[in-house]
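S.K.: Encoded as structure tokens, here's the structure I'll be asking about.
Laboratory data are not the source of any read-out in this text; all were calculated from the coordinates shown. Values in this document were obtained by computation on a predicted structure and should not be read as measured data. A quick note on method: Cβ atoms are made from the backbone with ideal geometry, for glycine too, and the neighbour counts reach across all protein chains shown.
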Amino acid sequence: MSQDEPTTQYADEMSLDELRDEIRAIDREIVEQIAQRTYVADTIARVKDEQDLPTTDEEQEQAVMDRAGENAEQFDVDSNLVKAIFRLLIELNKVEQRESR
């Protein structure tokens, strides 16, 4: 989170409704980022199809999982939880890639 976000700096001074509004905004940003990630993954799927590459790239998947764990640790978030979320994202992208082929 950036330091210019006053709501995160002064969360202890916010009302419950204001905090819930903050969560709503964060949730929307998360969904927006998932949509953006999915778009890029769809583009990758098209490139793989054009280059006749397999849908699954275990080495790349492991790199994504490692990066997710490192990012989680950097932000003091449970790395197992973050990795589980990324595993879901990867699996969803692979299903979409298979269905589009």
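S.K.: Which residue, chosen from Leu19, Asn93, Gln74, occupies the Cα position most advanced towards the positive end of the dipole of the chain, where the dipole is computed from +1 (Lys, Arg) and -1 (Asp, Glu) charges on Cβ about the Cα centre?
M.R.: The listed residue farthest towards the positive side: Asn93.
S.K.: Same structure again: May I ask you to derive the FRET efficiency for Leu19 and Arg46 from their Cβ-Cβ distance with R0 = 41 Å, giving the value to the nearest 0.05? Show your work: numbers first, answer last.
M.R.: Values: r = 41 Å, r/R0 = 1.01.
Given R0 = 41 Å and the Cβ-Cβ separation, E is 0.50.
S.K.: Still on this structure: Just how large is the dipole of the chain about the Cα centre, in debye to the nearest 20, putting +1 at every Lys and Arg Cβ and -1 at every Asp and Glu Cβ?
M.R.: 540 debye
S.K.: Over the Cα atoms of the chain, what radius of gyration and what Dmax do you get, in Å?
M.R.: Here Rg and the maximum Cα pair distance are 17.3, 56 Å.
S.K.: Taking neighbour Cβ counts within 10 Å as the exposure measure, how do Ile44, Ile30 sort from fewest upward?
M.R.: Ile30, Ile44
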